[in-house]
Amino acid sequence: MSGRWENGTRKVEIRLRRIAGSSSESPCGGDAFNSTLEKRFKVTHRARSLGGVAYDEIQASFGGPHSIEYRGFRLTGGSSINQVINKGIDDQMPANDEALRNRFQSYSRNALARNGSECEYTFEAEPQAVTSRWLLVSFGESANCGGHQTAVYGWKTFDRTTGKLFSVFDYLEPHEVKAGAGRPTMVDWPGFRALLDHAWRAQPNAVDWCADVGGSPQTAWLMHPTREALVFNAELPGSMMACAGDIEIPWAKLTPLLSAEGRKVLAGMQAEISTVRFPQK
C-alpha cells in the first residue's frame, strides 16, 4: 500500500507493507512492529546505604514513543526479611535488568495494542529513615497506559524484624472488632474510623464529592510516623487524586484506641523516630 501526504508545499511519501507475526501476537504488539519504536533500554545501579542498611539504587528508562521511568531500590544481603521488604516496596520487584526491561515492554506494547495510545508510567521509591526496628520509604507510582489513570503517593513503613508493612490496624484495641468477623477492616473499629473520618473532613481540600473517603471501609491507607503524629495517605484512583492529602492523627489521640501491645509498639516507634532526621512535609 502506498500513498502521499501533502500539506501545502510539504509532501511525504508513504509505503506500508504487511508484516508477519505469530498467532499469539496482538495488533501492534509484536517485535516486528515495535522494534523500530523502542529506543534502547537504559538502567544504572548504585550501591548505597542509609543508617547501616545497604541497598541497590536502580534508575531505569524505556524510550520510544513512551515515557517510562523507574527510580527505585532493593535491599541487598539476601535475607528472607529483606526479600519480604523488597516485595513490599515493589510487588513486581525485578529479579534482574532483563526482567525490568520485559516489564516496561509489556506496559508499552499493551497500551499500543489495546488502545493505540502511548504509555506514561513512573515508579519512585526511596529510603528516607532507618531505625533499629523501622524502615521508612517514600513511594509513588502513576500509570496512564491506555485505560484509567492511576496514581498512589505516600510513605511505606516496614517492620525490620518481620519485613511486614506496618499497619495500625494490627494494634487497635481488640474489643472494637465485631464478634465473629473475618479479616478486620476499618469498619470494625468505629472509634478509629470516626477519628480518621473527622481528620479527613477537616482537610482544606475535602470537598463534598470526596468527603466520604476518610470513613470508607474500601479505602486503603499507607502510614508513616513523624515525631508528632501518625500520618495516613489514602490509596486513590487517578480520578480522585484531588482528594489526596496527608491526614495526621496526633499520638495522644491515637493512644487510647490501641491495645496493650499496640501502646508498647507505638511508644517504641515514637522513641526511635525522635532520634532520627528525615524529610518533613
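The values are calculated or read from the model by the stated rules, or taken from the named source; none is laboratory data. Computed from a predicted structure; not experimentally measured. Virtual Cβ from ideal backbone geometry, glycine too; neighbours counted across all protein chains shown.
Give the residue that is modelled with the highest pLDDT, with candidates limited to residues of region 160-181 that are small (Gly, Ala, Ser) and under 19 Å from TRP221 (Cα atoms).
Kept after step one, since they are small (Gly, Ala, Ser), are these residues of region 160-181: 163, 167, 179-181.
Next, only the ones that are under 19 Å from TRP221 (Cα atoms) stay: 163, 167.
Details: GLY163: 96, SER167: 89.
Ranking the qualifying residues of region 160-181, first place goes to GLY163.
Can you tell me how many residues in region 74-83 are touching a residue at least 12 places away in the same chain (Cβ under 8 Å) and surrounded by fewer than 17 Cβ atoms within 10 Å (Cβ to Cβ)? Break it down into steps so the answer makes sense when it comes.
If we filter region 74-83 for residues that are touching a residue at least 12 places away in the same chain (Cβ under 8 Å), which is where we start, we get 74-77, 80-83.
Of the ones still in play, those that are also surrounded by fewer than 17 Cβ atoms within 10 Å (Cβ to Cβ) are 76-77, 80-81, 83.
Going through region 74-83 one residue at a time, the tally reaches 5.
Are there any helices (runs of 4 or more DSSP H) wholly within region 1-115 with 3 or more residues that are of a type outside the set (D, E, K, R) and either farther than 27 Å from PHE139 by Cβ or modelled with pLDDT under 70 (or both), and if so which?
Because the criterion is at least 3 residues that are of a type outside the set (D, E, K, R) and either farther than 27 Å from PHE139 by Cβ or modelled with pLDDT under 70 (or both), the helices (runs of 4 or more DSSP H) in region 1-115 that meet it are 31-34, 97-115.
If GLU228 meets every condition in (1) over 28 Å from ILE89 (Cα atoms); (2) modelled with pLDDT of 80 or more apart from one, which number is that one?
Of (1) over 28 Å from ILE89 (Cα atoms); (2) modelled with pLDDT of 80 or more, only one is false for GLU228: (1).
Quick check: anything in region 183-197 of a type in the set (A, V, I, L, M, F, W, C), farther than 16 Å from TRP134 by Cβ and at pLDDT 90 or above?
no
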